[in-house]
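Enquirer: Okay, handing you the structure first.
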Amino acid sequence: MMTQEQINELNRLFKEAKPSEIIKKAFEISNEAVVTTNFRPYEAAILHAVNTFKPNIAVVWCDTGYNTPQTYRHAEKVIEDLKLNVFLYVPKQTAAHRDVVMGIPSIDAPEHKLFTEQVKLEPFRRAMEFHKPKVWFTNLRQGQTAFRDSIGIFSVSKDGVLKVSPFYYWSDSDLDAYLEENNLPNEFKYFDPTKALENRECGLHA
């Protein structure tokens, strides 16, 4: 869709831009867009920013089935408050069934690759194959993982989709202020069963 030179130029031009300006530019490139979420901390910011610019945009939620009760309650509130157009994707096997036959393997266990495929990668592929977006809004930020430190606001996914992270250079305190200003909730009791460490890449982006 875009050359690396074009991506580099976008990152140069929009490094100091407001999230709203970045989102506007992304929609100028293509209106065929989705925003993905897992309702982890600070996700309400990207959902609010993109949905404000384009109400009823497809919101892809890939739910591993292992979220905390707090995350599910938080998700319900954000969905209702922002009137989000959510498309829910879940693994083909229930968490209860998997707990019996596999459980949640450690990252060093041979089953971990299969576990990640089942609970995260396969539902995500299913979502992207259905929506076929040309633009993918995410809340990736610098400092989260070594890989994410290298990509910039604009990048290209493994499948050639333009990935846009409007809050890429924002700190937690910046986002705290955004949430407060826009009366948005946050929730920190979040669990990702595929990651042992907070700074470990989950597999969707790298």
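Enquirer: Do any trypsin sites (Lys or Arg not before Pro) in the stretch 63-152 lie in a loop, going by DSSP, with at most 13 other beta-carbon atoms within 10 Å of their beta carbon, and if so which?
Expert: Answer in residue order: 83, 92.
Enquirer: For residue 24 and residue 113 in the same chain, what is the full-extension length gain: residue separation times 0.36 nm, less their Cα-Cα distance, in nm?
Expert: Here the segment from residue 24 to residue 113 would lengthen by 28.3 nm.
Enquirer: Hey, what's the chain come to in accessible area per residue, 1.4 Å probe, Å²?
Expert: Roughly 52 Å² per residue, with all protein chains present.
Enquirer: Another question about this same structure. Modelling each spin label as a point 7 Å along the Cα-to-Cβ direction, I'd like the residue 8/residue 181 distance in nm, to one decimal.
Expert: Here the answer is 3.2 nm between the modelled labels.
Enquirer: What percent of all Cα-Cα pairs in the stretch 70-124 falls in each 10 Å bin, counting up from 0?
Expert: Spelled out per bin, shortest first, that is 21, 38, 29, 12, 0.
Enquirer: Something else now. In percent, how large is the relative contact order of the stretch 11-113, given Cα pairs closer than 8 Å and 6 or more residues apart?
Expert: 23
Enquirer: Take residue 102 and residue 150, extend 7 Å from each Cα along the Cα→Cβ direction, and tell me the distance between the two endpoints in nm.
Expert: Between residue 102 and residue 150, the label points sit 2.7 nm apart.
Enquirer: Have a look at the DSSP beta bridges in the chain and tell me what percent are antiparallel, nearest 5.
Expert: If we restrict to bridges inside the chain, about 15 percent are antiparallel.
Enquirer: Take the alpha carbon atoms of the chain, find their radius of gyration, then divide it by 2.2 N^0.38 Å using N residues; give the quotient. Kindly include the intermediate steps, with their values, before the conclusion.
Expert: Details: Rg = 16.7 Å, N = 206, 2.2 N^0.38 = 16.7 Å.
Against the empirical 2.2 N^0.38 Å value, I get 1.00 for the chain.
Enquirer: Let me ask you something else. Using the charge dipole of the stretch 70-129 (Lys, Arg: +1 at Cβ; Asp, Glu: -1 at Cβ; taken about the Cα centre), state which of 100, 78, 116 has its Cα farthest towards the positive end.
Expert: 78
Enquirer: Out of 128, 55, 190, whose Cα points farthest toward the positive end of the dipole of the chain (charges: +1 Lys, Arg; -1 Asp, Glu; placed on Cβ)?
Expert: The one lying farthest along the dipole's positive direction is 128.
The values are calculated or read from the model by the stated rules, or taken from the named source; none is laboratory data. A quick note: this is a predicted structure, and the numbers were derived from the prediction, not measured. Heads up, the Cβs are rebuilt from the backbone with ideal geometry, glycines too, and the neighbour counts pull from every protein chain shown. For the accessible areas, the whole protein counts, side chains as well, though only heavy atoms, and no ligand, DNA or RNA atoms are used. Shrake-Rupley method; radii C 1.70, N 1.55, O 1.52, S 1.80 Å.
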